[in-house]
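Only the coordinates and a few stated rules stand behind these numbers; no lab work does. What you see is a predicted model; the values in this text were computed from it and never measured. Please note: Cβ atoms are built from the backbone with ideal geometry, for glycine as well, and neighbour counts cover all protein chains shown.
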Amino acid sequence: MITAADEVHADVLIEHGRVVALAAPGTQEWTAERVIDASQKYVIPGGVDAHTHMELPFGGTFASDTFETGTRAAAWGGTTTIVDFAVQAKGEPLRAGLDAWMVKADGNCAVDYAFHMIMSDVNESTLREMPKLVELGVSSFKLFMAYPGVFYSDDGQILRAMQVAADTGGLIMMHAENGIAIDVLVEQALGRGETDPRYHGEVRKALLEAEATHRAIQLARVAGSPLYVVHVSAREAVAELAAARDMGLPVFGETCPQYLFLSTDNLAEPDFEGAKYVCSTPLRPREHQAALWRGLRTNDLQVVSTDHCPFCFTGQKELGRGDFSKIPNGLPGVENRMDLLHQAVVEGHISRRRWIEIACATPARMFGIYPQKGTIAPGADADVVVYDPHAIQVLSAETHHMNVDYSAYEGKTITGQVETVLSRGEVIIDQRKYTGHAGHGVFVPRGLCQYLS
Ligand code: DUC
Ligand code: ZN
Ligand code: ZN
């Protein structure tokens, strides 16, 4: 058994959906309805993916995974909890957005789910609503320094939201890119006839991610609030986080597998294939990867989540043929995260326990659901994965379960594969057969970030 803290040989006793005891192998006379033999395998906590966008409306279309298809794919990949983003529509209350996303998820999920709240309209009324959302178990709020006219908040709005977060214990999650400057560069690039997907990466400059990260950190300092920066991709942004953490500030950073394994080489693939890799923050030149791996090892970055936001190549990514700014932003990945990070263990980037820490335990703690989620310990939900560390698999759209017509990792060989998955004690993947069902997953109300007290 591997947790963020330990690697031990152990029997795990599960009752009524919870872990009730751990024991040295064969030392207890437990009688059980079912025994799962995990010898030669790893027994790990179910993954916690703290950043997904099922059914997200974006760029005139919708992310292609529903809560049903996306959470089933999560289960296949050993992820048993997702934290998705409910979206406030401009001019509407936060609560209306949350209610709408509750309806989308309710009765449809294969694994447990929670929500963050995207604030697209920070004003007096939505600021007043923030403490109520925290009480409802939605204790984190995503703001955007990018996407002017859509999700964008200006510095004053950001500061005000951070002040409320400081008062209520809520956590501000920041999409840190200078969207005002980026929009100028987009217009200029298109004016020069630079319309291919690779220009998406060129205009969304690393320096504009670093600048926004720096500004977000300073605003959080002024407000006295913690800050969690989502989908960090630039080494210059990692440096800003590291500097803030060296000063002792409560600043946290997340990166995603696409930034660790893919690069601008993918964005430059010919025949518009690069559109498959358009997401924001964008993929960076390969040289940035070393800084991200180092950040994960030194704890300057604490979480790896997917930003799963799939759009089919046919009919969706194609909306941006002839104009990269119209390509819907996002990559599929909810099914691949645990495997890709195990591959990182195999390749020596991180240790086994760090794998579980960045993929299970820390996201659970960061978003207030530990130890119910993110570990295997008496009292925890029995979200348990039997992982075969020796299986060889090849990632492909032919075999994945995400509702999208391509894989960002097509043809990549991975050592390791999920074999069996339990969600609250129910076997939902049984030796690579899906035995779960839509509606098994329930809403998990979250407490406050557990790194602050
Ligand atoms: N980035 C993406 O790539 N997709 C959805 C929203 C975002 O910020
Ligand atoms: Zn974002
Ligand atoms: Zn996102």
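Spin-label pair GLU202-ALA290: with each label point 7 Å from Cα along the Cα-Cβ axis, the two points sit 2.6 nm from one another. The ranking of VAL345, VAL238 from fewest to most other beta carbons within 10 Å of each one's beta carbon is VAL345, VAL238.
By the helix-only formula, in which each DSSP H run with n ≥ 4 contributes -39500 (n - 2.57) and the sum is divided by residues, the chain has a 222 nm mean residue ellipticity of -9000 deg cm²/dmol. Report the Cα centroid-to-centroid distance between the stretch 418-445 and the stretch 339-365 in angstrom, as an integer. Centre-to-centre (Cα) distance: 21 Å. Extension gain, SER453 to ASP271, is 60.4 nm, computed as 0.36 nm per intervening residue step minus the present C-alpha separation. Evaluating 6.51 cos²θ - 1.76 cosθ + 1.60 at θ = phi - 60° for every residue in the stretch 114-130, the Karplus couplings come out as 9, 10, 9, 10, 7, 9, 9, 8, 7, 8, 4, 6, 6, 4, 5, 6, 3 Hz, glycine and proline recorded as x. Take the alpha carbon gyration tensor of the stretch 251-387, find the square roots of its eigenvalues, order them as a ≥ b ≥ c, and report rounded if a/c is under 1.5; if not, report prolate when a/b exceeds b/c, else oblate. It comes out prolate by the Cα gyration axes. With neighbour counts taken as other beta-carbon atoms within 10 Å, the residues ASP246, ASP167 rank, fewest first, as ASP246, ASP167.
Just to verify a number: FRET efficiency for VAL35 and ARG192, C-beta to C-beta distance, R0 = 51 Å, to 0.05? Using R0 = 51 Å, I get an efficiency of 0.20. Placing a label point 7 Å from the Cα of THR298 along the Cα-to-Cβ line, the residues of the stretch 236-270 whose backbone N sits under 19 Å from it are 236-256, 260. Taking the DSSP bridge list for the stretch 45-366 and keeping only pairs wholly inside it, about 5 percent are antiparallel.
Here the spin labels are modelled as points 7 Å beyond Cα on the Cα-Cβ line, and at ASP167 and ALA89 they lie 2.9 nm apart.
In order along the stretch 392-405, the Karplus-derived 3J(HN,Hα) couplings, from 6.51 cos²θ - 1.76 cosθ + 1.60 at θ = phi - 60°, round to 10, 9, 10, 6, 6, 5, 5, 10, 6, 10, 6, 8, 8, 8 Hz, and Gly and Pro are given as x. The length gained on full extension between LYS104 and ALA391, counted as 0.36 nm times the residue separation minus their Cα-Cα distance, comes to 99.8 nm.
Backbone N atoms of the stretch 383-397 closer than 17 Å to the 7 Å Cα→Cβ label point of ALA21 are not found in any residue.
Around the amide H of ALA380, modelled in the peptide plane, lie the amide H atoms of VAL19, all under 5 Å away and 5 or more residues distant in sequence or on another chain. For the chain, take the longest principal axis of its alpha carbons; what is the angle in degrees between that and the long axis of helix 94-105, to the nearest 10 within 0 to 90? Between the helix axis and the principal axis of the chain, the angle is about 50 degrees.
Pairs of lysines in the stretch 45-366 whose Cα atoms sit within less than 17 Å of one another amount to 5, provided the residues are eight or more positions apart or on different chains. The residue among ALA110, ILE172, TYR152 whose Cα reaches farthest toward the positive pole of the charge dipole of the stretch 68-174, with charges on the beta-carbon of Lys, Arg, Asp and Glu, is ALA110. The peptide list 99-109, 195-205, put in order of mean Cβ contacts within 10 Å with the highest first, becomes 195-205, 99-109.
Tilt of helix 206-223 relative to the longest C-alpha principal axis of the chain, in degrees (0 to 90, nearest 10)? Between the helix axis and the principal axis of the chain, the angle is about 80 degrees.
Cα centroid separation, the stretch 37-79 to the stretch 118-150: 24 Å.
The GluC sites (Glu not before Pro) of the stretch 26-72 meeting both criteria, a DSSP state outside H, G, I, E and B (loop) and at most 14 other C-beta atoms within 10 angstrom of the site's C-beta, are GLU29, GLU33. The GluC sites (Glu not before Pro) of the stretch 214-298 that meet both conditions, a loop assignment by DSSP and at most 14 other Cβ atoms within 10 Å of the site Cβ, are GLU287.
Overall dimensions of the stretch 283-328, expressed as equivalent-ellipsoid semi-axes from the Cα gyration tensor (√(5λ), whole Å, largest first), are 31, 13, 7. Once the chain is represented by equal point scatterers at the alpha-carbon sites, with solvent omitted, what log10 I(q)/I(0) does the Debye formula produce at q = 0.07, 0.10, 0.12 Å⁻¹? Each listed q maps to, in turn, -0.32, -0.66, -0.97.
Axis angle, to the nearest 10 degrees, between helix 235-246 and the longest C-alpha principal axis of the chain: 70 degrees. Sort the stretch 158-227 into rounded, prolate or oblate with this rule: let a ≥ b ≥ c be the square roots of the eigenvalues of the Cα gyration tensor; rounded if a/c is under 1.5, and if a/c is not under 1.5, prolate when a/b is larger than b/c, oblate otherwise. Judged from the Cα gyration tensor, the stretch 158-227 comes out prolate (a/c at least 1.5, a/b above b/c).
Calculate one ³J(HN,Hα) per residue across the stretch 311-328 by plugging θ = phi - 60° into the Karplus curve 6.51 cos²θ - 1.76 cosθ + 1.60, and present them in order as whole Hz with x for glycine and proline. Coupling constants for the stretch 311-328: 10, 5, 5, 7, x, 10, 4, 5, 4, x, 4, x, 7, 4, 6, 9, 6, x Hz.
Per-residue Cβ neighbour counts within 10 Å put SER325, SER407 in the sequence SER325, SER407, beginning with the fewest. Dipole check for the stretch 45-366: with +1 at the C-beta of Lys and Arg, -1 at the C-beta of Asp and Glu, and the Cα centre as origin, the magnitude is about 620 Debye.
Seen from VAL138, the other residues with C-beta closer than 10 Å to its C-beta sum to a net charge of +2, counting Lys and Arg as +1 and Asp and Glu as -1.
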